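Q: This structure is in structure tokens; I'll ask about it shortly.
The values are calculated or read from the model by the stated rules, or taken from the named source; none is laboratory data. Owing to the predicted nature of the structure, the values given are computational and were not obtained by experimental measurement. Here Cβ is always computed from backbone atoms with ideal geometry, including for glycine, and neighbour counts include all displayed protein chains. Side chains are part of the model used for accessible areas, which takes the heavy atoms of the whole protein and leaves out ligands, DNA and RNA. Shrake-Rupley method; radii C 1.70, N 1.55, O 1.52, S 1.80 Å.
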Amino acid sequence: MPELNFCILIGAVLFVSGVVCMATKRNAIGVLMGVELVLNAANLNFVAFARYTALGLDGQILSLFVIVLAAAEAAVALAIALNFYNNHLTIDVDRADDLHG
Amino acid sequence: MIFALFSYDSISDFVDSMMGSWAAWAWVVVALIHAVIIIHFFAVAPLFYIWLERKVSGRIQDRLGPTRVGGKFGWLQTLADGLKLIQKEDLCPQSADQLMFRISPYIVFVATFGAFIVLPFSNGWVAQNLEIGIFFMLAVMSLEVIGIILAGYSSGSKWALFGGMREAAQMVSYEIPMAICALVPIVAAGSLNFVEIGRMQSGWFFPNWLMFNNPFTFLAFFVYFTVATASVKRAPFDLAEAESELVAGFHTEYSGIRWSYFFMAEYAGMFAVSGIAVFLFLGGWYTGIGPLDASLVSLQSVGPYGILSYIVNLIFMVVFITKGCLLVFLQIWIRWTFPRLRIDQVMMTCLKYLLPMSCALFLGAVLWPLLYYSVSSGESPRTKWFGEPLYDKVIAAEPASAEQAARQSAPQLAKGER
Amino acid sequence: MATNFFFWLLLVVAIAGLAGLLLVRDASRRTPWLAAFLVSFGVLAVWQSAVMFKDTTASQVLFSLFGAAVCFGALGVVLSQNVVRMAFWLIVSLGSTSGLFFLLNADFVGAVQLLVYVGGTLVLLIFGVMLTASGPYVTMKTSPTEWVAAAVVSSLLLGLILVSAFGVDWQAVDYAEAGNTTTQDASAGSSVQEGTTLRPLGWALLGLRPDKDLQKPGEPSGVGYLLPFEIVSVHLLVVLIGAAYLARAKRRVDQTPGTTAL
Amino acid sequence: MEPDQLKNWLSLLLTIAWLLPLGGFALEIFAGFWSTRLKKTAAYIAVGCIGAGFVCSLTALCSWGMHTGYWAEHDYLTKFFQETPLGGDHAPADGHAADGHHGSEHDAHHDEHSAHGAEHGAHGHEHDESKYPTVFAGRYYQLAEFGSLQLEIGYYIDSLTLVMFTMVTLIATCIHVFAIGYMSDELTEDYVDHFVHVGEGHLHRPGRFYRFFAFLSLFSFSMLGLVIAGNVFMVFIFWELVGICSYLLIGFYTERKSASTAANKAFIVNRVGDFGFLIGLMILWTSFGTFAFSEPSAEKAAENPGLFQMLRDDHGQMTVEIADDGSHQVVLTGPEGTHKTIPYYLLVAAGIGIFCGCVGKSAQFPLQTWLPDAMEGPTPVSALVHSATMVAAGVYLVGRFYPMFTPEVLVTIAYIGAITLFMAATIAVVATDIKRVLAYSTISQLGYMMLSLGVGGWVAGLLHLITHAFFKSLMFLCSGSVIHGCHHEQEMPKMGGLRKKMPITAYTMLIGVIAITGLAIPGTYFGFQFAMSGYHSKDAIVATSLAYWGLNDQHVLLFILPLAGAGITAFYMFRLWFYTFAGEPRDQHIHDHAHESPAVMWVPLVILSFFAIFCAYDGEQGPLWGLLVHSEPAGMDHGFDPAAPGQIAVPGHHHVHEKMSGDATVHDVAGRYALAVAIAGAILAYLFYGARLLNPADVRRQVAGLHEFLVEKWRFDELYDAMFVKPVHVISGWIAALDRVVIDGFLHGTSKAAVDVSTWDRRFDEQVIDGLVNWVGDRTFRVGRSLRFVQTGRLRQYVMFIAGGLFGVLMLVYILTL
């Protein structure tokens, strides 16, 4: 089933780009976007497996849950980022390194 | 040969037969045909509505409105404006984000245009008869917000930004009550598919139209209507374009054809929202007069090559469009009577009044079957608690078109014409 | 024969347009040449690609289209420096993934993706961007070394994932062994195949799984998702309250007035 | 009256006499609660009890005599009427009204004496069963029963018991009356004790009048209990009780150091004696299986015979057989005629053991040191306890227990008695304290009694006991009134010429002195013998010892010593009398203040002096002798011929009355010798102290060494100190040293070792274990710090690490699964 492999390919690209985005973006929101990408990659894989393998409906339900929880996660993350911005007047992630060793 | 055309149930059947060796690419042709049909309606409707609005607002303000252009009632006024806009230079402000500035009108246009895919104009005349019709429509319409925000941001000026932001906030927050109010009749109907919902509302308008199905749907119609006007940035909620404060809101920097896209999207949005209201509450394409509908439906299966069914569908489409226009007229009417709300009042009405009301109605709608359908017969536990779902009734009610319904639920593109 | 003549015509018009573009000095007068070139070249390209992919099915075409959109969107997100650009490309990417979902017969999930994810979360992100992307923070450069490191690690990771993924023979894995009857059961089941997943999803969320033959020994009983569904709802409530609390308007009496929330 | 009725009647009377003092004691001891310290009620209660006791014992004696037909046999009464013109209104013997008042009962006793009559019937001692039983035994209460042995509180009434009862109660009554006067200065809330110095002044304490009489009552109860006891165990119980009472009474003035040490000394020395007594008891119990003396009624005797019946047959003979291993076995007849043999030496050991108790109690040779110190107690105590009753208990026990003694034991008794009498007499000669002199004379007289019992003079010894009780208590009371008169001055050198001041005391004292020295005019002139009681008893003793010497030639000392003792006794007694009463007063101050004691004190003196004269009236034909002979153990009258193994002959009555030189019997010869010696002693004393012709100081200078030796009381205290106290100190010193050196050393050693081990352990713990732990901690800390650089705090780097890590893991998995 080549389509499944294509889906996985696309998922992998999404995942890797998400990781890279998280790793390189200095803007907190950028990092959040990276997170969104990673989550989306996972979703894509879920739906692909639901379609092409025996996972069936469960995959779709899980992707539903992922979507919903991603929304919640984004909300909280954004709240934190805004708070950080309000307190430190900067959105640069590197400035938030107080928890260093 | 022409009649042969009518023998096909749907455009896709016709195209498949035509493509022959290029059958694999039939779906592209079908998709294009559908798009053309919808674009026609999509473009014509704003023209008519803009003219209608200027006439009605005139009348409300005790003046005539456009009379000279194109004949007796100035009905070509909007066409003339359109031509004018096309000729205008659509400039792009220096500080704007070029890419975003150019793309955002198309996003808004696509979002609203996407909504019409699943909106059937009569019994079966729908571009794509999706199982999740209403839900898809709302989903696609929610994309519009992004276009507006990008437009607001990318035009570089503070007014645009503020306008865009306020507009986005308003639309996002009004999405929620709209979705919940739409759910109320769906709970009563039991299906998301437009065609099925439409078929359920055959017969006399009082008991059959979903609006009169139970008190909650009745109230839900009015709440839905207010929320819908707000979500399409109309009437009392159109603060974004409030000239006095934010000049023209997010599309102040736009001119020419880009500006017209926004306008087309707006008016099309009004009709889409009205269309949803018609299907969910006002009986879809049925006239509401029991025997008339019944006779028309019976006519459909008579005559050669289904030409009569085509005519009946045509009649139903006219009925549907008139209902839609009436609702749009209502929106226009409301716009020119009620004063504009402040942004915090807008947000407050949405979150503190409309949302709770819609939730209450939704709760009522869900619990209504428990009261109404008393536990009489020994049906299955689901029906015992939630009453006999309407969609079973539908399937049971029309055995004749069972085969068609079954096919309807097939994924291939539904027949849609005009 | 007609197709050959028509083909050569288009080619000539395209070349003429290009030549015109290059020769005409006055930028404003180049538009007709540009238009001609674009139209002819576009039709030619479409025609030839159609001929090439003559027998590919609709889903393959659409699939590759949307896939490409997703990948370029993702790359756009990664490569663009401007946060708003990133947001835009993210929207493109996620929108096209919802398209992929539709192609994978997950219509409800696609719609949810559009409504909740793109319409809700990304709007939220964009709000975030708008609120914070002021002044120096719109575009923040990241040092080249990090780019290099990221590139190396990502390529390695991508390679590994793809190698391992393509190494698996999915055919053997799914239909034959898995006892799951979703694929065989043609009646109410295999909704995944027919793309009408709304009602089965609804039932699954309520705990009913008609598509699974629960008597089969290997089948776990009670695969309904009612409990997770309830938990998620409570979780969302909590998150909303939390987020609202965190982001509440803190009157900051300091040098930067006006950063109050929207 | 039937025998049983008589038995119950007698036991009732004697029990009342016995328990009354106990009741008195119970009342008096709590006098502090119901009466003040100034009232004499306690005294009256005590006198009343002991007086009633005397009346009961007297009636018991008379009813015993009447019902057992004893009076009929020995019709002393009629004989008396014929001879003596004296006569008061003689109420008939059996008409005695139990009259509590002392005075009238005094006449009754006198009359009863005369009724005895001098001559004593042919003493057929064969007890034919048809005759009325004269001995009664019975049981009050059984304390415990260990198999065959019954420990019981029982009574054994025979003539000896009755005589002792009457004697003890009579003397106690007189002394109680005397004590009322003597102890009158205790009737104050603030008694100043001159002998105890507290800080610079004397001790002031509340008077203890009632307590003295409580102790006296307790003593009377225990003495009577000892006498009435039916078995040796009960004797032992009251033996201890008497010891306690003597301790309490000697230590009456507890605050005085000398008094408390004297009390301790008395008690401890008695305990030493009791130690022997206990051993004897144990031997008796293990070998004989019973404690009872004897069972008069035939059928009960068969069932559980007393000690005497088991050992001796009716004729008083003990059967000794030679066992196969050559040892002498004594055959005992157990219950139902079963025979059991015990080794001879065991019986000797038992006898010696019991005699040790008597030595301790009667202050004989080795254990006599406590009696002189016992004079610390008030004089009535000395009079009652340390002259008449308690010290006599030892002699009474020897008398009561006589059948158990083998000839060997009798010889030891004799010799102990002889030694004691001679030693005490010599010490008395040099004693200056009036009460010390009397104490030593008591010891020597007790020696006489032991000697007489030892040489076989059972009746003589006990007669001397009775007579000695009377005149010795008389003399003590006289000395008491002298001390009382001279305001607690006891040193004779400070006295002199008191005769004029205290005539009654002087003359009653003179009677006592004459009685004890045994001066008399032998023969009966116009129906009356001019001889005091002492003469009769002492002559009997000397005669018996002479007869004994006759039979056993090697024991010449047993006659010489009593003879010499008699002389020395006469000398120191008259010395005492002349020292205090005759001549010029040596201390004018005391002489001026001396005054005759009040009536309550001199009346008992007169009564006692009367008895001192007449109690042994008519000697061997007298009533007292008759009563005593009546309860003489079987076989004593005709003596024992020398049997194995000691080959000692014990003289019987006839030996004493054998013809010795010419027609003079042994008894007469001895009497003449004793009289001569006594007269010589008296004259010598008169010369020294009466007429003061000879100066004792000269003699003292000439025989300074001997004098010093005698003053030091034969240095017995130093001897005991050296023999017992010093070794104890030395040994305890050794033990202390051992403890200090060995045990402490061991403990310190172990603790030191423990300390060493712990220090080593601590060092090990600190270096090794802590070191290890710290090293591990240090290592982890260093590793932790080295990894710190990884935690940069930068979010993006973390993501990078995660990605890298993920890749690494997946690669690993991939490689592993290849």
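Q: For the stretch D:664-673, take each phi angle, set θ = phi - 60°, evaluate the Karplus expression 6.51 cos²θ - 1.76 cosθ + 1.60, and give the result in whole Hz per residue in order, putting x for glycine and proline.
A: Karplus values, whole Hz, x for Gly and Pro: 7, 6, 3, 4, 5, 4, 4, x, 5, 4.
Q: At q = 0.16, 0.18, 0.19 Å⁻¹, what is the base-10 log of I(q)/I(0) for the stretch D:227-338 according to the Debye formula with one equal point scatterer per Cα and no solvent? Please give it to two decimals.
A: -0.83, -0.94, -0.99
Q: Quick one: net charge of residue D:666's neighbours, Cβ under 10 Å, K/R +1, D/E -1?
A: Taking every Cβ under 10 Å from that of residue D:666, the sum is -1.
Q: Then there is this: Pairs of alpha-carbon atoms within less than 8 angstrom and 6+ residues apart define the contacts here; what relative contact order does the stretch C:10-93 have, in percent?
A: After rounding, I find 22 percent.
Q: In nm, give the distance between the simple-model label positions of residue B:352 and residue B:322, each being 7 Å from the Cα along the Cα-to-Cβ direction.
A: Each label point is offset 7 Å from its Cα along the Cβ direction, giving 4.3 nm.
Q: Please report Rg (one decimal) and Dmax (integer) in Å for the Cα set of the stretch A:4-92.
A: Calculated on Cα positions, Rg and Dmax stand at 15.3, 50 Å.
Q: Let me ask something else about it. Where in the stretch D:361-440 are there trypsin sites (Lys or Arg not before Pro) that are in a DSSP coil and have at most 12 other Cβ atoms within 10 angstrom of their Cβ?
A: When the trypsin sites (Lys or Arg not before Pro) of the stretch D:361-440 are filtered for loop state and at most 12 Cβ neighbours within 10 Å, nothing remains.
Q: Return the long-range amide H neighbours of residue B:122 (sequence gap of 5 or more, or a different chain), with a cut-off of under 5 Å between placed amide H atoms.
A: Answer set, sorted by chain and number: none.
Q: Any chance you could list P(r) for the protein assembly as shown, counting all Cα-Cα pairs in 20 angstrom bins from zero, rounded to whole %?
A: For the protein assembly as shown, the pair-distance distribution reads 7, 23, 16, 4, 2, 6, 15, 17, 9, 2, 0.
Q: Using a/c under 1.5 as the rounded threshold, could you call chain D rounded, prolate or oblate? The axes a ≥ b ≥ c are square roots of the C-alpha gyration tensor eigenvalues, and prolate needs a/b larger than b/c, oblate otherwise.
A: Since a/c reaches 1.5 and a/b is larger than b/c, the shape of chain D is classed as prolate.
Q: Taking amide H positions as placed in the peptide plane 1.01 Å from N, state which residues far from residue D:140 in sequence (5 or more) or on other chains have amide H under 5 Å from it.
A: D:153, D:154, D:155
Q: Now a separate question. Residue C:35 to residue B:158: FRET efficiency via 1/(1 + (r/R0)^6), r the Cβ-Cβ distance, R0 41 Å, to the nearest 0.05?
A: Computed FRET efficiency for residue C:35 and residue B:158 comes out at 0.70.
Q: Which one, D:767, D:787, D:814, projects farthest toward the positive side of the charge dipole computed for the stretch D:728-818 from Cβ point charges (K/R +1, D/E -1)?
A: D:814
Q: Select from A:40, A:83, A:27 the residue whose mean-square fluctuation is largest in a Gaussian network model of chain A (Cα-Cα springs shorter than 10 Å).
A: Its mean-square fluctuation being the largest, the pick is A:83.
Q: Which is farthest toward the positive dipole end of the protein assembly as shown among B:42, C:34, D:46, measuring Cα position about the Cα centre, with Cβ charges +1 (Lys, Arg) and -1 (Asp, Glu)?
A: Highest projection toward the positive end goes to C:34.
Q: What is the spin-label model distance, in nm, from residue D:679 to residue A:92 if the labels are put 7 Å beyond Cα along the C-beta direction?
A: Spacing of the two 7 Å Cα→Cβ label points: 15.5 nm.
Q: Go through D:265/D:361; D:40/D:435; A:25/C:141 and tell me which ones have a Cα-Cα distance over 19 Å in this structure.
A: The answer is D:40/D:435.
Q: Let's see if you can work this out: charge +1 on each Lys and Arg Cβ, -1 on each Asp and Glu Cβ, no other charges. What is the dipole magnitude of the stretch B:2-396 about its Cα centre, in debye to the nearest 20?
A: Using Cβ point charges on Lys, Arg, Asp and Glu, the stretch B:2-396 gives about 900 debye.
Q: Using the charge dipole of the stretch B:64-189 (Lys, Arg: +1 at Cβ; Asp, Glu: -1 at Cβ; taken about the Cα centre), state which of B:176, B:189, B:75 has its Cα farthest towards the positive end.
A: B:75
Q: In sequence order, what are the phi-derived ³J(HN,Hα) couplings for the stretch D:476-482 according to the Karplus relation 6.51 cos²θ - 1.76 cosθ + 1.60 with θ = phi - 60°, rounded to whole Hz, with x for glycine and proline?
A: With the stated coefficients, the stretch D:476-482 comes to 4, 4, 4, 4, x, 5, 4 Hz.
Q: Okay, moving on. Given a 1.4 angstrom probe, I'd like the percentage of the accessible area of the protein assembly as shown that is carbon and sulfur, rounded to a whole number.
A: 70
Q: Kindly state, to the nearest 0.05, the FRET efficiency for residue C:52 paired with residue C:163, given R0 = 35 Å and r defined as their beta-carbon distance.
A: 0.75
Q: On the first, second and third principal axes, largest extent first, how far apart are the outermost C-alpha atoms of the stretch B:2-396 in Å?
A: 70, 55, 46 Å, listed from the longest principal axis down.
Q: Beyond a 32 Å Cα-Cα separation, which of these cross-linked pairs lie in this structure: B:55/B:88; B:55/B:352; D:257/D:494; D:257/D:726?
A: Long pairs (Cα-Cα over 32 Å): B:55/B:352.
Q: Taking Cα pairs under 8 Å and at least six residues apart, what relative contact order does the stretch D:210-319 come out at, in percent?
A: 19
Q: Under a Cβ-Cβ cut-off of 15 Å, what is the net charge of the residues other than residue D:494 that fall near it, where Lys and Arg count +1 and Asp and Glu count -1? Intermediate results must be reported in sequence, preceding the final value.
A: Working: positive: D:435, D:436, D:501, D:586; negative: D:433, D:489, D:491, D:584, D:587, D:592.
For residues surrounding residue D:494, the net value is -2.
Q: Residues with amide H under 5 Å of residue A:96's amide H, sequence separation 5 or more or different chain, H placed in the peptide plane at 1.01 Å from N; which?
A: Residues meeting the criterion, in which the H sits 1.01 Å from N, do not exist here.
Q: Report P(r) for the stretch B:44-170: all Cα-Cα distances, bin width 10 Å, range 0 to the bin holding the largest distance, values in whole percent.
A: Once binned at 10 Å, the Cα pair distances of the stretch B:44-170 give 12, 25, 30, 29, 4, 0.
Q: Pairing the Cα long axis of helix D:159-182 with the longest principal axis of chain D, what angle in degrees results, from 0 to 90 and rounded to the nearest 10?
A: Taking Cα atoms only, the helix is inclined about 80 degrees.
Q: Relative contact order for chain D: what percent, with Cα pairs under 8 Å and sequence separation of 6 or more? Don't skip to the end; give the middle numbers.
A: Working: 1338 pairs, mean separation 92.6, N = 818.
In percent, rounded to a whole number, it is 11.
Q: I'd like the FRET efficiency for residue D:764 and residue C:238, computed as 1/(1 + (r/R0)^6) with the beta carbon distance as r and R0 of 56 Å, rounded to 0.05.
A: With R0 = 56 Å, the Cβ-Cβ based efficiency is 0.45.
Q: Magnitude of the Cβ-charge dipole of the protein assembly as shown, K/R +1 and D/E -1, about the Cα centre, nearest 20 debye? Don't skip to the end; give the middle numbers.
A: On the way: 91 positive and 122 negative charges, 2276 e Å.
Result for the protein assembly as shown is approximately 10920 debye, rounded to the nearest 20.
Q: Which length gain, in nm to one decimal place, applies between residue D:302 and residue D:730 when the Cα-Cα distance is subtracted from 0.36 nm times their residue separation?
A: 148.5 nm
Q: Suppose every K and R has +1 on its Cβ and every D and E has -1 on its Cβ; what is the size of the dipole of chain D about the Cα centre, in Debye to the nearest 20? Walk me through the numbers before you get to the answer.
A: Working: 47 positive and 72 negative charges, 892 e Å.
Magnitude of the dipole: close to 4280 debye.
Q: Taking 7 Å along the Cα-to-C-beta vector as the label spot, tell me the residue D:588-residue B:370 distance in nanometres, rounded to one decimal.
A: With each label placed 7 Å out from Cα toward Cβ, I get 13.9 nm.
Q: Based on a Kirkwood Rh over C-alpha pairs, give the Stokes-Einstein translational diffusion coefficient of the stretch D:728-818 at 37 °C and viscosity 0.692 mPa s in µm²/s.
A: 162
Q: Another question, then. Tell me the chymotrypsin sites (Phe, Trp or Tyr not before Pro) within the stretch A:30-59 that lie in a loop according to DSSP and have at most 15 other beta-carbon atoms within 10 Å. Don't jump to the answer; show the numbers that get you there.
A: Numbers: sites: A:46, A:49, A:52; in loops: none.
Counting only loop positions with at most 15 other Cβ atoms within 10 Å, none of the chymotrypsin sites (Phe, Trp or Tyr not before Pro) in the stretch A:30-59 qualifies.
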